[in-house]
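Here's the structure we're looking at; comments come further down.
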Amino acid sequence: MTVLLLPGDGIGPEVVAAGASVLEALVARHGLQITLEQGLIGGAALDRSQRPLPAETLAQAKRAQAILLGAVGGPAWDRVDASLRPEKGLLELRAGLGLFANLRPATLHPELGGVSPLKPEVVEGLDILIVRELCGDVYYGEPRGIRVLDGGERQGYNTMVYREGEIRRIARVAFDVARRRRRRVCSIDKANVLEATRLWREVVQAVGQDFPDVELTHMYVDNAAMQLVRQPTAFDVMLTPNMFGDILSDLAAAVTGSIGMLPSASLNQGACGLYEPIHGSAPDIAGRDLANPLATILSVAMMLRHSLGAQALAERVEQAVTRVLQGGLRTRDIHAPGTTEVGTRAMAEAVLREL
Ligand code: NAD
Ligand code: IPM
Ligand code: MN
């Protein structure tokens, strides 16, 4: 099995190095049989080959069992044409591999209860799984662009679109995973305003008929944002369209303490998966050994579980992370009085020692 490393930009290379060191340790000492490859994506690819997703990278990704990605984008490429932006490389990779199911678990590590901006009693026991549709919505909808109107004023436009089949397949994923959790799905939409999400609600409701043992509720996205802050522990599985899921997952991350803690898996109908932290390239801290590598290391755990068939090793990695937190080591984003601040590399080394 091949695992493709796509470090990308900003803190991407720093956190992927941490994730790769965990995979290497599992190969060296725990019998994991994989080969690591490296590839280019995002701004790093643009600088070398004029494309944010070179054909060679997509080919490497298609051959791999799993991909570990850091992050793409940054101020250096902010003036690049929309079709060539680093972020476009990631969107092309998701579409190219048909990765429609994005799982974003937002759980509170008990050791970080005091780091959340919310009161400890509000976040205690928090365990949400955001199931975000990843191949549709306004992200990919046509037509899109910036046009010049009569009179010379410019107008930017995008199109929110969803086909029934796209909604049905992600809804099934949400109901399936809910069966392995607390059997509750809350579907997020803006059905009071947007037709695309009225259809979303209708189709989710129909799919729900096949899962009578799972409780289904619907919530408007604005209310969902409010409830995530007011009473986040009320949620089990949140099923979301692409854009609402992007926004709500950053919100959920902050509620758990830091965006530097949240992993994700992006899956297609087959066994191949893309694993990445939900955060971006964090240009403000890039290259300074300040980034929290735990979201990426926990993404490696998701990879072991979902693509490499190594459940026991996934648990081992998660336990190592828990023990490091119990030991009091913290990167700056989760630092609190009474704990010891360490950098990206020292945090990764501590996880390796626990492993
Ligand atoms: P960001 O997630 O990069 O950063 C937001 C804030 O969170 C910053 O203050 C940053 O320092 C902090 N942060 C993020 N990850 C952290 C970590 N591991 N440890 C500690 N602190 C962390 O979001 P942004 O600033 O809006 O975007 C920066 C660039 O990243 C943009 O070009 C954006 O398009 C891109 N981006 C890429 C991805 C991806 O590749 N999947 C995701 C989000 C944003
Ligand atoms: C994420 C990011 C991406 C998204 C961007 C960089 C394309 O914000 O993975 O959450 O919006 O999906
Ligand atoms: Mn995002």
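For Val131, the solvent-accessible surface computed with a 1.4 Å probe is close to 0 Å², ligands and nucleic acids excluded.
Taking every DSSP bridge with both residues inside the chain, close to 40 percent are antiparallel.
For the stretch 228-355, the spherically averaged projection of the C-alpha convex hull amounts to 9.1 nm².
Per-residue ellipticity at 222 nm computed for the chain from its helices equals -12500 deg cm²/dmol, with DSSP H segments shorter than 4 residues left out and the rest contributing -39,500 (n - 2.57).
With R₀ fixed at 41 Å, the C-beta to C-beta distance from Glu195 to Arg29 puts the FRET efficiency at about 0.15. When the alpha carbon gyration tensor of the stretch 117-256 is reduced to an equivalent ellipsoid, its three semi-axes come out at 30, 20, 11 angstrom, largest first.
Each peptide in 144-153, 317-326 was scored by the mean count of other Cβ atoms within 10 Å over its residues; highest first, the order is 317-326, 144-153.
Between Gln50 and Asn223, what FRET efficiency follows from the Cβ-Cβ distance if R0 is 41 Å, with the result rounded to 0.05? Once rounded, the FRET efficiency stands at 0.40. When the solvent-accessible area of the chain is split by element, carbon and sulfur atoms take up 50 percent of it, the probe being 1.4 Å.
On a per residue basis, the chain carries 43 Å² of accessible surface, using protein heavy atoms and a 1.4 Å probe.
For the stretch 197-212, the Karplus equation 6.51 cos²θ - 1.76 cosθ + 1.60, evaluated at θ = phi - 60°, returns couplings of 8, 5, 5, 3, 4, 4, 5, 4, 4, 5, 4, x, 4, 7, 10, x Hz by residue, with Gly and Pro reported as x.
How many angstrom lie between the C-alpha centres of the stretch 171-228 and the stretch 94-128? Between the Cα centre of the stretch 171-228 and that of the stretch 94-128, the gap is 18 Å.
For Glu92 and Glu121, the FRET efficiency from 1/(1 + (r/R0)^6), where r spans their Cβ atoms and R0 equals 45 Å, is about 0.55. Modelled spin-label separation between Gln231 and Arg353, with each label point placed 7 Å from Cα along the Cα-to-Cβ direction: 4.3 nm. Taking every Cα-Cα distance in the chain and sorting them into 10 Å bins starting at zero, the pair-distance distribution P(r) comes out as 5, 24, 33, 26, 9, 1, 0 percent. What the Cα atoms of the stretch 62-187 give is an Rg and a Dmax of 19.3, 59 Å.
Taking 0.36 nm per residue of separation and subtracting the current Cα-Cα distance, fully stretching the chain between Gln38 and Asp210 would add 57.7 nm.
Sorted from longest to shortest, the spans of the Cα atoms of the stretch 216-259 along the three principal axes equal 28, 22, 17 Å. Summarising the label geometry, the points placed 7 Å from Cα in the beta-carbon direction at Ala346 and Arg172 lie 4.9 nm from one another. Placing +1 on each Lys and Arg Cβ and -1 on each Asp and Glu Cβ, with no other charges, gives the stretch 117-256 a dipole about its Cα centre of roughly 220 debye. Packing, taken as the mean count of other beta carbons within 10 Å per residue, orders the peptides 266-272, 187-193 from highest to lowest as 187-193, 266-272.
The values are calculated or read from the model by the stated rules, or taken from the named source; none is laboratory data. Just so you know, these numbers come straight off a predicted model, no measurement behind them. Glycine also receives a Cβ, built like all others from the backbone with ideal geometry; neighbour counts cover every protein chain displayed. Accessible surface is based on the protein model in full, side chains and every heavy atom, while ligands, DNA and RNA are left aside. Shrake-Rupley method; radii C 1.70, N 1.55, O 1.52, S 1.80 Å.
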